[in-house]
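Here's the structure, in structure tokens; my notes come after.
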């Protein structure tokens with residue numbers, strides 16, 4: 001942490017960081033020595049080595065200008081993963097919908113309590129049919145494709161070739177979809193019900 005650095009070490013660290021921000025790459029040992037008026041390049045190398053030992057600077061072996069300032073909070077950082085976002089899904093009445101990849105959303109693996117796989121994807125919610133389960137418009141639902149739904153699970157589904165986000169229900173062995181808003185009817189498939197994904201997480205961005 002910076003509190004453990006000497007005044008000169010803080011100055012060297014600040015110079016490395018400002019040079020990176022200004023030029024896009026770190027200064028050489030010779031440039032550091034010249035900037036601070038050191039009598040030798042070794043003096044600059046000694047300061048850099050001390051900063052590495054204290055965990056605030058890193059560099060790639062045998063690679064010039066590869067100094068990287070390390071945040072003192074780096075060791076506390078939790079793993080994150082990118083989940084592809086395939087458009088949006090209506091949490092309302094079903095509608096015909098063709099999904100296109102629109103980018104990705106980065107998730108904190110430990111906070112969500114899940115580990116994304118190649119089958120994990122996200123959809124942005126439109127509508128208010130799932131407010132009873134605290135899923136509102138603008139939320140991102142994280143879903144797992146290929147997971148077998150259990151009664152009560154929230155699912156992204158194609159019902160008679162139209163997409164929707166609802167609660168999966170079994171009634172005497174026959175599946176249907178239930179809204180979590182009394183303004184919407186239950187959805188009983190006339191021909192086909194295909195589960196595209198089972199919800200495993202939810203992300204809400206502050207508005």
(message) How tilted is helix 7-23 with respect to the longest principal axis of the chain? Cα atoms for both, answer in degrees (0 to 90, nearest 10).
(response) 60
(request) On each of the three principal axes of the Cα atoms of the chain, give max minus min coordinate, whole Å, ordered largest first. (result) 84, 30, 30
(request) Calculate the translational D of segment 97-150 in whole µm² s⁻¹ from Stokes-Einstein, where the hydrodynamic radius comes from the Kirkwood formula applied to all Cα pairs, the temperature is 20 °C and the viscosity 1.002 mPa s. (result) 167
(request) Only bridges with both residues in the chain count here: give the DSSP antiparallel percent, nearest 5. (result) 90
(message) With the cut-off at 1.5 for a/c, could you classify segment 80-203 from its C-alpha gyration tensor as rounded, prolate or oblate?
(response) prolate
(request) Could you work out the relative contact order of segment 114-207, using alpha carbon pairs under 8 angstrom and six or more residues apart, expressed as a whole percent? (result) 32
(request) Take the alpha carbon gyration tensor of segment 2-75, find the square roots of its eigenvalues, order them as a ≥ b ≥ c, and report rounded if a/c is under 1.5; if not, report prolate when a/b exceeds b/c, else oblate. (result) rounded
(message) I'd like the orientation of helix 41-53 relative to the chain: the angle between its Cα long axis and the longest Cα principal axis, in ° from 0 to 90, rounded to 10.
(response) 40
(request) Can you tell me the order of 23-33, 60-70, 118-128 when each peptide is scored by its average per-residue count of other Cβ atoms within 10 angstrom, highest first? (result) 118-128, 23-33, 60-70
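The numbers here are math on the coordinates, done by the rules we state, and not lab data. What you see is a predicted model, and the numbers here were worked out from it, not measured in a lab. Note that we place each Cβ from the backbone using ideal geometry, even for glycine, and neighbour counts take in every protein chain shown.
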